[in-house]
Amino acid sequence: MSESHHSFFMLHFVYIIQSLKHHRYYCGASADVETRLEKHNAKATTSTRNGVPWVLVRIVECATKQEALQLEIIIKKRGIGRWIAEHPE
């Protein structure tokens, strides 16, 4: 299978992490949440570097990248903490 076909079937995720330092949330979208969390904790992301360490508190599987990005926007507009409270696992 070619690389372009492989990416067609790639799952995407919306993830919510929480800073153990400041107790605030961050929401993002990625196809590789584990690597993305490592980048957050390595201070490689400007918006989260001051909150290290971060822990994963929620992950939502999406069928497409577009679906993941749309859900990320919905969660951020609603407020991450409020969205978590309204959507228990």
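Got the relative contact order for the chain handy, in percent, Cα pairs under 8 Å and 6 or more residues apart?
Relative contact order, the chain: 35 percent.
Counting only residues 5 or more places away or on other chains, whose amide H sits under 5 Å from the amide H of R58 once H atoms are built in the peptide plane?
I16
Determine ³J(HN,Hα), in whole Hz, for all residues of the range 40-45 in sequence, where each value follows from phi through the Karplus function 6.51 cos²θ - 1.76 cosθ + 1.60 and θ = phi - 60°; x replaces Gly and Pro.
Values per residue, Gly and Pro as x: 4, 6, 8, 6, 8, 10 Hz.
Determine, for H12, H40, H23, the number of other Cβ atoms within 10 Å of each Cβ, and report the residues in order from fewest to most.
H23, H12, H40
With a/c under 1.5 counting as rounded, go ahead and sort the chain into rounded, prolate or oblate using the C-alpha gyration tensor (a ≥ b ≥ c being the square roots of the eigenvalues; past the cut-off, prolate if a/b is larger than b/c, else oblate).
Taking the square roots of the gyration eigenvalues as a ≥ b ≥ c, the chain is oblate.
Among V14, V55, V33, which comes first, second and so on when ranked by fewest other beta-carbon atoms within 10 Å?
V55, V33, V14
The numbers here are math on the coordinates, done by the rules we state, and not lab data. Predicted model, so just to flag it, every value in this text is computed and none were measured. Using ideal geometry, Cβ is built from the backbone for each residue, glycine included, and neighbour counts are taken over all protein chains shown.
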